[in-house]
Amino acid sequence: MIFVTGGAGFIGANFVLDWLAQGDEGVVNFDKLTYAGNVNNLAALQDDPRHVFVRGDIGDGEHVLALLREHQPRAIVHFAAESHVDRSIHGPAEFIATNINGTFALLEAARAYWSALDAAGKAAFRFLHVSTDEVYGTLGPDDAPFTETTAYAPNSPYSASKAASDHLVRSYHHTYGLPTLTTNCSNNYGPYQFPEKLIPLILANAQAGKPLPIYGDGRQVRDWLYVADHCAAARRVLDAGVPGETYNVGGWNEMTNLDVVHTLCDILDSLQPKADGGSYRSQIAYVQDRPGHDRRYAIDARKLERELGWRPAETFETGIRKTVQWYLDHPDWVADVQSGAYARWVETNYVHRGDVR
Ligand code: NAD
Ligand code: TYD
């Protein structure tokens, strides 16, 4: 049995679905179901006895500890977080509460549970902390990609809160001996991503005939990774990672935001042509830039390849086609997440960016 936090969110749900598709080991899926958590993501597991879903907050250490003692997992895989940079700019408090204090409470519960295991259980136990490349800050155009030894320099409340959580996890290994592992991954895309993030937002707006908002000049660079590749990396690190180590995970796939949006428009033009015969590119709208916007992220994932043999299976071309097709095939999923709470967020975030909705 493994204990997954945040398994109703984008990456967590993909991880749980992949995990149960590939083996028989059960999952306790612990998720607060914030705006980003969606039980519909787990609909395929409704009658699966290997999947135990529990609604709860990682900040509630007593709840977590009771579940750990009840289910006796051999590992915790920690995805739960507030994850959207723009939201962290408008309201950082939730990011401090969940990403920092929540991770602290989870670590304390894990330590209490782990300390009481016998020697073999202690040695086999793992705490896998899923983090981001954004902790390293921003790169210039000619800088080498981030490695595991790049100094932390977070620039948003989101990345600062994730950096703090990474440091706490590190300290629990060095101070208490908790067998922790940390992954720092680049931008993910794929099925079940909440349409506040660039790729699903562009797909949803394109189909709705709405503007496609590009922050600033659109020349910022991200290193995109298909979510199933991130899930495979997490499984590999859980299996064979060395406690106390951190591993960078990336797609070897740097692209400007403008190139990503053009690619999405071109695929949509071929799969679902606009009624007026024009291109979705005509909906592109340049809007006010994000404050503190990091210019470039790029990951050097050679340690993970060299030491654990992981490489991404998808290229951007193959992954993005699958992704666009998935969103076209699941209009009900998109409509469902675009609920009242989401509509209010669009008001807050885009109203000052040139009235793009
Ligand atoms: P998401 O926002 O889609 O999902 C987060 C999940 O965590 C949701 O299901 C939410 O309900 C749950 N959650 C939030 N607060 C909680 C709390 N206090 N207690 C319990 N559950 C809570 O995020 P995501 O994109 O799936 O990211 C998952 C993890 O991966 C995060 O830690 C994020 O920092 C990291 N990450 C994401 C990316 C990316 O591109 N999305 C890249 C690298 C790393
Ligand atoms: P996002 O998906 O929010 O991920 P992150 O900020 O964690 O990298 O954004 C990806 C890039 O796309 C980032 O440079 C901001 C930009 N962006 C836009 O230009 N327009 C948008 O509407 C959004 C949501 C993001």
Subset of segment 237-260, residues open to solvent by 40 Å² or more (accessible area, probe 1.4 Å) and closer than 28 Å to Y327 by Cα, comes to W252, E254, D259
Between a residue in segment 98-123 that is more than 15 Å from H167 (Cα to Cα) and in a helix (DSSP H, G or I) and any residue that is basic (K, R) and open to solvent by 20 Å² or more (accessible area, probe 1.4 Å), which pairs come within a Cβ distance under 7 Å, given they are 6 or more apart or on different chains? Y113/R69; W114/K122
Considering only segment 126-141, I want to know if a residue exists there that is farther than 18 Å from I11 by Cβ, surrounded by fewer than 19 Cβ atoms within 10 Å (Cβ to Cβ) and away from ligand 2 (no atom under 16 Å from the Cβ). no
Within segment 150-161, the residues that are open to solvent by less than 10 Å² (accessible area, probe 1.4 Å) and within 23 Å of E307 (Cβ to Cβ) are none
Of (1) open to solvent by 20 Å² or more (accessible area, probe 1.4 Å); (2) in a helix (DSSP H, G or I); (3) touching a residue at least 24 places away in the same chain (Cβ under 8 Å); (4) under 30 Å from A21 (Cα atoms), T263 satisfies all except one. Which? (4)
Tell me, which helices (runs of 4 or more DSSP H) lie completely within segment 291-357 with 1 or more residues that are open to solvent by less than 70 Å² (accessible area, probe 1.4 Å), at pLDDT below 95 and on the phi < 0 side of the Ramachandran plot? 331-337, 340-350
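Does Y189 count as in contact (Cβ under 8 Å) with a residue 40 or more places away in the chain, open to solvent by 40 Å² or more (accessible area, probe 1.4 Å) and under 30 Å from A105 (Cα atoms)? Lay out the reasoning, then the answer.
Details: in contact (Cβ under 8 Å) with a residue 40 or more places away in the chain: yes; open to solvent by 40 Å² or more (accessible area, probe 1.4 Å): no; under 30 Å from A105 (Cα atoms): yes.
No: the conditions fail for Y189.
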Restricting to segment 76-95, what's the tally of residues that are within 11 Å of ligand 1 (Cβ to nearest atom), of a type in the set (A, V, I, L, M, F, W, C) and not in a loop (DSSP other than H, G, I, E, B)? 3
Among the residues of segment 96-120, which ones are open to solvent by 20 Å² or more (accessible area, probe 1.4 Å), more than 15 Å from ligand 1 (Cβ to nearest atom) and not basic (K, R)? A112, W114, S115, A116, L117, D118, A119, A120
Can you tell me which residues in segment 178-213 are under 30 Å from A240 (Cα atoms), within 14 Å of ligand 2 (Cβ to nearest atom) and outside any loop (DSSP other than H, G, I, E, B)? N184, C185, N188, Y189
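Among E62, E25, E82, which is charged (D, E, K, R) and closer than 26 Å to Q338 by Cα?
Details: E62 fails: closer than 26 Å to Q338 by Cα; E25 fails: closer than 26 Å to Q338 by Cα.
Step by step, each of E62, E25, E82 is checked, and only E82 is charged (D, E, K, R) and closer than 26 Å to Q338 by Cα.
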Given (1) within 16 Å of ligand 2 (Cβ to nearest atom); (2) open to solvent by 20 Å² or more (accessible area, probe 1.4 Å), where does R222 come up short, assuming only one miss? (2)
Going by what's in this entry, would P73 be described as open to solvent by less than 40 Å² (accessible area, probe 1.4 Å), outside any helix (DSSP H, G or I), more than 9 Å from ligand 1 (Cβ to nearest atom) and more than 30 Å from L198 (Cα to Cα)? yes
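The values are calculated or read from the model by the stated rules, or taken from the named source; none is laboratory data. Here the structure is a predicted model, which means the values were calculated and not measured. Quick reminder, even Gly has a Cβ in these numbers, built from the backbone with ideal geometry, and neighbours come from all protein chains shown. Note: accessible area is taken over every heavy atom of the protein model, side chains too, but ligands, DNA and RNA are not part of it. Shrake-Rupley method; radii C 1.70, N 1.55, O 1.52, S 1.80 Å.
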